[in-house]
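Taking it in order: structure first as C-alpha cells, then the write-up.
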Ligand SMILES: NC(=O)c1ccc[n+]([C@@H]2O[C@H](COP(=O)([O-])OP(=O)(O)OC[C@H]3O[C@@H](n4cnc5c(N)ncnc54)[C@H](O)[C@@H]3O)[C@@H](O)[C@H]2O)c1
C-alpha cells in the first residue's frame, strides 16, 4: 500500500498486488465528498456518496439480488432495476477527456443523465436550466471543479449567450453543445386541441422544442467553429412515427430532424451535427401552460412503464441513463470521425416492429 497524489495534489491510497492496482481517493461536490475507487489498469472508476458507502455494510439479500440483475432481465421486468450506483460503476474512464460541453435542460431526466456521464468520463460541463430547484440540486450534487450551472431560459438568446460565457470562463474553449430541453403536449390530438389555444400552445411548445435549439446553436457557434466541435440535438420516437404525442409535439420533433440535416450541411466540415431520438423514458417531462398540463410529469402517467414496455421489440422501459452513452459517442469526434447528420434511435427498436407480432423471438 502507498500514498500517491492526483493532479490537484489530493492524496490517493494505492493498493497493489501482482494482478491488479486499486486506487481509493475522494472528490469534492457541492454537498460533500465522494469516495472514488479506481482500477487504472482496467480503466474503471466508481463514485460512492456517504449513503451508498453505508449501504455496502447494510446489504439485504433482496438488494444483492437486484444489484446483480442483468440488463436483459431488467427489460423483462422493469420493476427489478439494478441499484443506480452499481449500474453506474465499472464504466471505462476518460472517454470525454478534454471536452468542454454545454448541456441545455441538464436539470433532470435525460439531460441530467448526460451531464453525469460526461463528468464521469472526464468532460467539463456547463448547464443551462430554467428550474431554480433543479439548479440548486445540480450545484449541491455535482463536483464544483467539473460543472458550472447557469439558471436561465433556453428560449432566450441572452440566456444562451450567458450560459456559453459561463462555461467558457470556467473551463475554456467550448467543444460540444448538447440540447436536451423539451416539453410535451400529453398526446393532445387535433380533435381535442381547443381552437382558441392552438396559437399559444404552438408558440410555447415550438419555442422550447425547436426555437431554443436555434438560439443555443447560434450562441455557441463561433466557439464550435473555432474548436471544430460537435452539436447533438434531442429528438424522439415522435420525430419518426405517429402517436408518440399529438400534432404539436410530433411536428416539433420532425422540425428538429430538419435542423439536424440542415445544420450538418451548413456547418460541415468544421462542426458535426447529430441527434439522439429516445423512446419512452421515465422522466419528469412537463406539459405546457396553454394546454393546462404544465404540472403533469410523464412518470406520473398511470401504468407508463407497461405502456412503454408493451410497444417496443426489446421490451425496454428506458431510464434516462439508458440513452446517455449515445450522447457520449456522438461527442467523441475521435471515435466517430465520419459521423454527421445522423440520428441514433435509442427506442428499443420501434422501427423494426413486426406486422404479425412485435418481436421475432417474442413468446
Ligand atoms: N421522456 C421521454 O419519454 C422522452 C422521449 C423522447 C424524447 N424526449 C425528449 O428528451 C428531452 C428531455 O426530456 P426529459 O424526458 O428528460 O424531461 P425533463 O423534464 O426531465 O428534462 C427537461 C429539462 O429541461 C428543462 N427545461 C425545460 N424548458 C426549459 C427552458 N426553456 N430552458 C431551460 N431549461 C428548460 C427542464 O426544467 C428539465 O430539467 C426532451 O427534448 C424530450 O422531448 C423525452
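For segment 151-209, the Cα gyration tensor yields ellipsoid semi-axes of 34, 11, 7 Å (square root of five times each eigenvalue, largest first, whole Å).
From its DSSP helices (H runs of at least four residues, each -39,500 (n - 2.57)), the chain gives a residue-normalised ellipticity at 222 nm of -10000 deg cm²/dmol. DSSP beta bridges fully contained in the chain are about 45 percent antiparallel. Among 136-148, 98-110, the peptide with the highest mean count of other Cβ atoms within 10 Å heads the list, and the full ranking is 98-110, 136-148. Computed from Cα atoms, the angle from the helix 212-226 axis to the main principal axis of the chain rounds to 50 degrees.
Cβ neighbours within 10 Å, averaged per peptide: list 236-246, 259-269, 173-183, 190-200 in order, most packed at the top.
Top to bottom by mean Cβ count within 10 Å: 173-183, 236-246, 259-269, 190-200.
When the chain is fully extended, how far beyond the present Cα-Cα distance does residue 361 get from residue 214, taking 0.36 nm per residue of separation? Walk me through the intermediate numbers first.
On the way: separation 147, 0.36 × 147 = 52.92 nm, distance 4.23 nm.
Computed gain between residue 361 and residue 214 is 48.7 nm.
In whole Å, how far is the Cα centre of segment 233-256 from that of segment 284-363? The distance from the Cα centre of segment 233-256 to that of segment 284-363 comes to 12 Å.
Here the translational diffusion coefficient of the chain follows from Stokes-Einstein with Rh set to the Kirkwood radius across Cα pairs; for 4 °C and 1.567 mPa s it amounts to 60 µm²/s. GNM on the chain, alpha-carbon springs under 10 angstrom: the most fluctuating residue among 327, 26, 249 is 26. Between helix 132-141 and the chain there is an angle of about 20 degrees, using the helix long axis and the longest principal axis of the Cα atoms.
May I ask you to compute the full-extension gain from residue 265 to residue 169, defined as 0.36 nm times their residue separation minus their alpha-carbon distance, rounded to one decimal in nm? Walk me through the numbers on the way to the answer.
Details: separation 96, 0.36 × 96 = 34.56 nm, distance 2.96 nm.
Full-extension gain reported as 31.6 nm.
Rounded, prolate or oblate, given the Cα gyration tensor of segment 247-363, with a/c below 1.5 counting as rounded? Here segment 247-363 falls in the oblate category.
Residue 19 to residue 145: FRET efficiency via 1/(1 + (r/R0)^6), r the Cβ-Cβ distance, R0 35 Å, to the nearest 0.05? Don't skip to the answer; put the middle values down first.
Working: r = 32 Å, r/R0 = 0.92.
After rounding to 0.05, the efficiency reads 0.60.
The relative contact order of the chain, computed from alpha carbon pairs under 8 Å that lie at least 6 residues apart in sequence, is 14 percent.
Read-outs: derived from the displayed coordinates by stated rules, not from any lab. All of these numbers come straight from a predicted model, not from anything done at the bench. Using ideal geometry, Cβ is built from the backbone for each residue, glycine included, and neighbour counts are taken over all protein chains shown.
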